[in-house]
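The values are calculated or read from the model by the stated rules, or taken from the named source; none is laboratory data. As the structure is a prediction and not an experimental result, all values here were calculated from the model. Cβ: placed from backbone, ideal geometry, glycine included. Neighbour counts: every protein chain shown. Ligands, DNA and RNA are excluded from the accessible area calculation, which covers all protein heavy atoms including side chains. Shrake-Rupley method; radii C 1.70, N 1.55, O 1.52, S 1.80 Å.
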Amino acid sequence: MELPTSIQCDFDGDGLCNGTDIDSMFAQGPIADMIEVVSGMNDQFDLDADGDIDLDDRDQWLALAASENGLSSPYRLGDANLDGFVEVADFNVWNSNRFQFELSWTRGNFNGDEVVDVSDFNDWNSTRFTSSDAAVPEPHGFSLAVTTFLIGFFWRRQSRYRA
């Protein structure tokens with residue numbers, strides 16, 4: 001009988017690398033300020049083996065988990081639900097938890113400090129409409145076309161009533 005191998009990004013032993021795992025790393029304290037590793041207590045979160053838990057370990061986890069989950073590049077900052085896409089659903093997570101004291105990636109704290117704030121929004125905003133497999137084009141052209149159409153439509157409609 002072959003024993004299952006340990007997955008480095010699976011902290012709770014359920015065979016998955018998901019939000020529960022990165023949230024347990026964040027729960028160690030504000031990793032943005034570095035948390036000291038205590039052997040036998042939190043050393044599993046020190047993925048780069050440098051003696052502390054910090055944003056480098058977060059980034060390492062994002063890469064390991066994405067690879068384990070079949071993605072070609074690391075999960076991006078702002079991907080709260082870890083579905084591989086930074087999109088409106090992730091913004092909604094941030095928005096529903098903004099200005100809350102929260103040490104949880106899945107609740108919109110992407111930078112590992114103690115609060116979901118504008119810096120976390122900036123992380124989401126800097127990667128919005130991208131994926132962990134390939135960049136998804138931003139909808140600027142489509143938005144411009146729709147806006148132009150609506151302005152023209154209402155302009156023509158108003159000019160009918162003025163005549």
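State all residues of the range 62-76 that are crowded, with 19+ Cβ neighbours inside 10 Å and either in contact with a Pro (Cβ under 9 Å, 6 or more places away or on another chain) or among the polar types (S, T, N, Q) (or both); if no residue qualifies, say none.
L62, L64, A65, A66
Inside the range 93-107, can you point out the residues that are open to solvent by 80 Å² or more (accessible area, probe 1.4 Å) and either free of Cβ contacts under 8 Å to residues at least 12 places away in the same chain or out of contact with any helix residue (DSSP H, G or I) (no Cβ under 6 Å at 6 or more places or on another chain) (or both)? Show your work before the answer.
Start the filter on the range 93-107 by keeping residues that are open to solvent by 80 Å² or more (accessible area, probe 1.4 Å), which leaves 96, 98-101, 107.
Hits for the range 93-107 are S96, R98, F99, Q100, F101.
Which one of D59, D113, D83, D79 is surrounded by 12 or more Cβ atoms within 10 Å (Cβ to Cβ) and either in a helix (DSSP H, G or I) or at pLDDT below 95 (or both)?
Testing whether each residue is surrounded by 12 or more Cβ atoms within 10 Å (Cβ to Cβ) and either in a helix (DSSP H, G or I) or at pLDDT below 95 (or both) leaves just D59.
Only residues in the range 108-121 that are at positive phi and touching a residue at least 40 places away in the same chain (Cβ under 8 Å) count as the first member; pair them with residues that are assigned to a helix (DSSP H, G or I) and open to solvent by 40 Å² or more (accessible area, probe 1.4 Å), Cβ under 7 angstrom, at least 6 apart or cross-chain, and list the lot.
G112/A32; G112/L55
Which pairs have Cβ atoms under 6 Å, sit 6 or more apart or on different chains, and link a residue in the range 43-72 that is at negative phi to one that is surrounded by fewer than 16 Cβ atoms within 10 Å (Cβ to Cβ) and assigned to a helix (DSSP H, G or I)?
D48/D56
Checking V37 against (1) out of contact with any Cys (no Cβ under 7 Å at 6 or more places or on another chain); (2) open to solvent by 40 Å² or more (accessible area, probe 1.4 Å); (3) not acidic (D, E), which single condition isn't satisfied?
Of everything listed in (1) out of contact with any Cys (no Cβ under 7 Å at 6 or more places or on another chain); (2) open to solvent by 40 Å² or more (accessible area, probe 1.4 Å); (3) not acidic (D, E), V37 misses just condition (2).
Do we have any residue at all in the range 123-132 that's touching a residue at least 12 places away in the same chain (Cβ under 8 Å), in a helix (DSSP H, G or I), surrounded by fewer than 18 Cβ atoms within 10 Å (Cβ to Cβ) and not basic (K, R)?
Yes, the conditions are met somewhere in the range 123-132.
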